[in-house]
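**Student:** Structure in C-alpha cells, see below.
Please treat every number below as a calculation from the coordinates, not as lab data. As the structure is a computational prediction, the values presented were derived from the model and not from experiment. So basically every Cβ, Gly included, is an ideal-geometry build from the backbone, and we count neighbours across all protein chains shown.
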Amino acid sequence: MKRFYTTSETAEICSVAHTTVIRWIGEGKIKAHETPGGHRRIEKQDLLDFLKRFNLPVPASFADSRYRVLVVDDETLMLAMIRKTFEEYADEIDLCLAERGMAALLMIGKSQFDLVILDVVMPDMDGIEVCKALKRNPDTAGVRIVAITGKQLSEEQEEYLQKNTEGLLKKPFTPAAIMALVNEIRGRKEHTL
C-alpha cells in the first residue's frame, strides 16, 4: 500500500497542474514534508483529508476503506484466536499480525494502521516501550492503541496505559469482548470525521 505521494502524483489525482499542488503546499492547504533531496512528499492520509475537505473525488483505487488493525502478541494461541475472531469482518477490517514489538514498529513505519492491539508483556521490547515509541513520533502519535495483558501491572504501568491507550483488556478475554471494544473505537473514529 502506497503511503506517500509526490507532487506530480497528487496533481494527477486532483486533475491540476504540478505547480498548483506546490502552491497549495505553500498556502498550507495540503500538508507535505520535504525529503533530504528537496522533494516534497504528501502522506496518503493528508491527501485523503485534503480531497474530502475540498469535495474533490477520491479515486476508487486510491483508498482502501477497510479499517486497518495490527495485533502484536508473542503468544501464538492468542494471535490465532484473534485472527479467527476477525475472520468474519474481513470485508470491513484489514488485520495484520506481529509477534514482537520491534517487528510491529517496522510494520507501522511502512504502513498506516487505525488501531494497534498491543500485548504489554513481550520479550525484547515490551508493549509499553512500543507505545512510548509510537507516541514520541509525530507521524504515529495519533494511532489508537488497545493494550492487552495476562500479567499484573504496576501502578505506574496502569497509569501510563490509562493515559495513552483506548483501553486495557485483561487476558483471558472473550472474542466478543475484543470485537466490542474494536467496534466501539471504530464508531468513535467514524463519528468524529
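**Student:** Return the total of residues in the stretch 128-148 being touching a Gly at 6+ places or on another chain (Cβ under 7 Å) and more than 18 Å from Arg188 (Cα to Cα).
**Tutor:** Of the residues in that region, 2 qualify.
**Student:** On the basis of being closer than 20 Å to Met179 by Cα and in contact with a strand residue (DSSP E or B) (Cβ under 9 Å, 6 or more places away or on another chain), does Asp91 make the cut?
**Tutor:** no
**Student:** In addition: Scan the stretch 86-97 residue by residue and report those that are in a loop (DSSP other than H, G, I, E, B) and not aliphatic (A, V, I, L, M).
**Tutor:** Asp91, Glu92
**Student:** Follow-up. Among the listed residues Gly142, Gly109, Gly187, Gly127, which satisfies the condition of being buried (at least 17 other Cβ atoms within 10 Å of the Cβ) and either among the small types (Gly, Ala, Ser) or on the phi > 0 side of the Ramachandran plot (or both)?
**Tutor:** Result: Gly127 is the single residue among Gly142, Gly109, Gly187, Gly127 that is buried (at least 17 other Cβ atoms within 10 Å of the Cβ) and either among the small types (Gly, Ala, Ser) or on the phi > 0 side of the Ramachandran plot (or both).
**Student:** Yes or no: the stretch 113-135 includes at least one residue that is without any contact (Cβ under 8 Å) to a residue 60 or more places away in the chain and in contact with a Cys (Cβ under 7 Å, 6 or more places away or on another chain).
**Tutor:** yes
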